[in-house]
Amino acid sequence: MRKDMEQTAMQAHGQRPRIVIVGAGFGGLTAARGLAGRGADILLIDRENHHLFQPLLYQVATAALAESDIATPVRAVLRRARDVTVLMGEVTAVDPARRVVMVRDTGDFPYDHLILATGAAYSWFGHDDWTRYATVLKTLDDAAAIRLRLLSAFERAESRSDAGEIRRLLTFVVVGGGPTGVELAGSIAELARSTLARDFRHIEPRQARIVLCEAGPRLLAAFPARLSAYTVRALGGLGVEVRLGATVDEIDAGGVDVAGERIESANVFWCAGTAARPAAAWIDADAARNGAVKVAPDCSVPGHDGVFALGDVASLAGSDGKPLPGLAAVAEQQGKYVARVIANRIAGRPPPGPFRYRDLGTLAIIGRSRAVAWLGRMQLTGFPAWLFWSLVHLFLLAGFRNRLVVYVNWSWAWFTYGRGARLITGVRDDEDEHDAAR
């Protein structure tokens, strides 16, 4: 089977160039599409078998959408790309001297060109022990874990008689005031105050406490100050407590210590800083502070012939001299660009000019009919921004079925305040552990 996989993935060296892409996110998948049919054998490796539309992950976490609504099997996306082989596996190392990628339990795969598109994980700023008590939001499993904790908190509170325990169960702390933290906090508030408001007899879901903690001086720091101020007001209208300049000092089974205050909570969600996955260490490349690979203007890795990095795992300055943001649009544009660079090399054509990011705007949703949009000189808030956000995300979703299902779910939720993915499934050992720790 191993030999068959290698023969399917690539031809003998010297006949067709071998391209290995690590990561099937926005950048890696776009690069694979761009290189298909260009006279090379392409191997796309990812730990998962699906492409995930991460911008809508928080909606799965808050029961607005199901997992299948925002994820598409990678093999289905690339079904017609006959020269692309998909491998579900975990890359453990890269040997630049031998020009091979090492995959756990599978073996080594040679390359002529290597694209690193491994994305980023959350940074705990030296407090890795907090991972026992706080949940992150990066994968479908993370979203399912948060949804489980959210829905279970209300169910467990309904069965409790101790007022302090009920308050702890119905207190939700979100750490990090970037787009993910803002979107998650606003969606939790709407879940409690609208969707679940009439579903319980002994508790009042509207009294749930949602606290958003941001260590910096304002939310959505990458947005203009006017949009940040609007976001604070909009979240306040949903009942979210916004704490600015609030650094988290400790997270344990009982709650959070933030800015000298103790918040008792059974539900802590970490949406703070990010760190690139260990691609820089794999190839011993120069890395930025967050671990991202420092790349040249053509997204190549200096000192490593044929190696490129893009998306969250790459560090490249934009026209303003600041590193490009970790956005899907950046990864997609870099994926298209790197595909052109490699295709030109294969065809013997001159390389394109340096990569230039076309900023098409930055968006963040706050809640039902509330969002902010920064489109160059234009700044939108409220319903116009929410409508624009909806159209953009529907357009970017992969697959007609995904777009149709999401559109129907959003329309139903907008008119009824309902959320269809509210089933509690899975083992809840994490909650038992929290109870025991107390």
## Note on the structure
Long-range amide H partners of I115, meaning residues 5 or more apart or on another chain whose placed amide H is closer than 5 Å, are V20, I21, V22, F308
### Message
At 7 Å along Cα-to-Cβ for each site, give me the label-to-label distance between D199 and R358 in nm.
### Response
4.3 nm
### Task
Could you pull the Rg and Dmax for the range 286-331, using just the Cα atoms, both in Å?
10.0, 28
#### Entry: In sequence order, calculated HN-Hα J values of the range 327-340 (Karplus, 6.51, -1.76, 1.60; Hz; x Gly/Pro)
10, 4, 4, 5, 4, 5, 5, 5, x, 5, 5, 5, 4, 5
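Stretched out fully, how many nm does the piece from A93 to L387 gain, at 0.36 nm a residue minus the Cα gap?
On the way: separation 294, 0.36 × 294 = 105.84 nm, distance 4.36 nm.
Full-extension gain reported as 101.5 nm.
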#### Entry: Paramagnetic reach from I424 in the range 127-148 [backbone N under 16 Å; point 7 Å along Cα→Cβ]
144-148
### Task
At q = 0.07, 0.08, 0.09, 0.13 Å⁻¹, what is the base-10 log of I(q)/I(0) for the chain according to the Debye formula with one equal point scatterer per Cα and no solvent? Please give it to two decimals.
-0.37, -0.48, -0.60, -1.18
### Task
State the number of lysine pairs found in the chain whose Cα atoms come within less than 27 Å, restricting to pairs 8 or more positions apart or on distinct chains.
6
### Task
Note down the net charge around Y230, summing +1 for each Lys or Arg and -1 for each Asp or Glu among other residues with Cβ under 12 Å from its Cβ.
+4
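Over the range 135-195, what portion of Cα pair distances is larger than 17 Å, expressed as a whole percent?
On the way: 803 of 1830 pairs.
Distances greater than 17 Å cover 44 percent of the Cα pairs.
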### Query
How large is ³J(HN,Hα) for each residue in the range 94-108, as worked out from phi by the Karplus curve 6.51 cos²θ - 1.76 cosθ + 1.60 (θ = phi - 60°), to whole Hz, x for Gly and Pro?
10, 10, x, 5, 8, 6, 9, 10, 9, 10, 4, 6, 10, x, 9
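Dipole size in debye (nearest 20) for the chain around its Cα centre, Lys and Arg Cβ +1, Asp and Glu Cβ -1? Write out the running numbers ahead of the final one.
Working: 51 positive and 47 negative charges, 386 e Å.
I would put it at about 1860 debye.
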### Summary
A correct Karplus calculation of ³J(HN,Hα) over the range 225-230, with 6.51 cos²θ - 1.76 cosθ + 1.60, θ = phi - 60°, whole Hz and x for Gly and Pro, returns 4, 4, 6, 4, 5, 4
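Calculate, in nm to one decimal, what D257 and T139 gain on full extension: separation in residues at 0.36 nm each, minus their alpha carbon distance.
Values: separation 118, 0.36 × 118 = 42.48 nm, distance 2.66 nm.
The D257-T139 span can extend by a further 39.8 nm.
Tell me, in nm to one decimal, what length is gained between H127 and R75 on full extension, where the rule is 0.36 nm per residue of separation less the Cα-Cα distance? Provide the component values of the computation, followed by the final result.
Values: separation 52, 0.36 × 52 = 18.72 nm, distance 3.74 nm.
Gain on extension, H127 to R75, equals 15.0 nm.
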### Query
Taking the mean number of other Cβ atoms within 10 Å as a proxy for protection, how do you rank 302-308, 256-262 from highest to lowest?
302-308, 256-262
### Task
Could you pull out the chymotrypsin sites (Phe, Trp or Tyr not before Pro) across the range 102-140 that fall in loop regions by DSSP (anything but H, G, I, E, B) with no more than 15 other Cβ atoms inside 10 Å?
F125
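Where a number appears in this text, it was derived from the coordinates with a stated rule and is not lab data. Worth saying up front: this structure is predicted, and the values here are computed from it rather than measured. Every residue, glycine as well, gets a Cβ built from its backbone with ideal geometry; the counts of neighbours run over all protein chains shown.
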